[in-house]
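Heads up, the thing below is written out as structure tokens.
The values are calculated or read from the model by the stated rules, or taken from the named source; none is laboratory data. The structure displayed is predicted, hence computed values, not measured ones. For the accessible areas, the whole protein counts, side chains as well, though only heavy atoms, and no ligand, DNA or RNA atoms are used. Shrake-Rupley method; radii C 1.70, N 1.55, O 1.52, S 1.80 Å.
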Amino acid sequence: MLNVGVLLFLFTISFAFNATPFFGGPYTIIATTILLQNGVTPLSFVIVSVVTGLGAATSKTVMYAIGISAKKPLQKNRNVIFLKKIGVNRGFSITLFIASVMPFLPMDDFLYLAGGAAKLNVLSMLQISIVAKVIKSFIEIGTEFLGLKAISEVVNVNPVEIGLISIVIFGALGYVLFKIDWERAYEEAMTYVKRLVWKQKEG
């Protein structure tokens, strides 16, 4: 059974992993593994999806607070100035919703950072993010549940054990991605592409 302690744990890890700027840990895989361990029912699936979605959404207040604290260096940023002009209108709301649902790319972190610097209404932003993150949890946890079950049938290993292995793998992968110097990686990639183009022209 999913007791209050387990749900608080899921909310906490969802909040913690999403509160780290531009880095999200495998919180839905952890939630899926706990679901498999306790037995999946339609009700438990809904509850876990809502709890993890709430944790992920409310954690974005951390980025908003960082935006407020960095207001002075950001106040002349053209994106921040633009957000001040439009506020939380329909276009921005749609953009925030899509950014919050999108996997892998933490685009909503940038929006909350700029939103804090522009002093947008954080409650209005959170309403959008909560809906988006709950939907994201439904999709990811449902997909991961089916995926872990399918893999367990192929390799004949308990799906809970596969879930635990996945947590370690994705956690390590997330750490590696977090430590990468993205600016240097981008410059090296562009240099490589330019060399390829140059060789093709010479050939």
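The candidates 197, 6, arranged from most to least accessible area with a 1.4 Å probe in the full protein assembly, appear as 197, 6. Based on protein heavy atoms only, region 1-61 ends up with 42 Å² per residue of surface accessible to a 1.4 Å probe. For residue 7, the solvent-accessible surface with a 1.4 Å probe is about 40 Å², rounded to the nearest 10.
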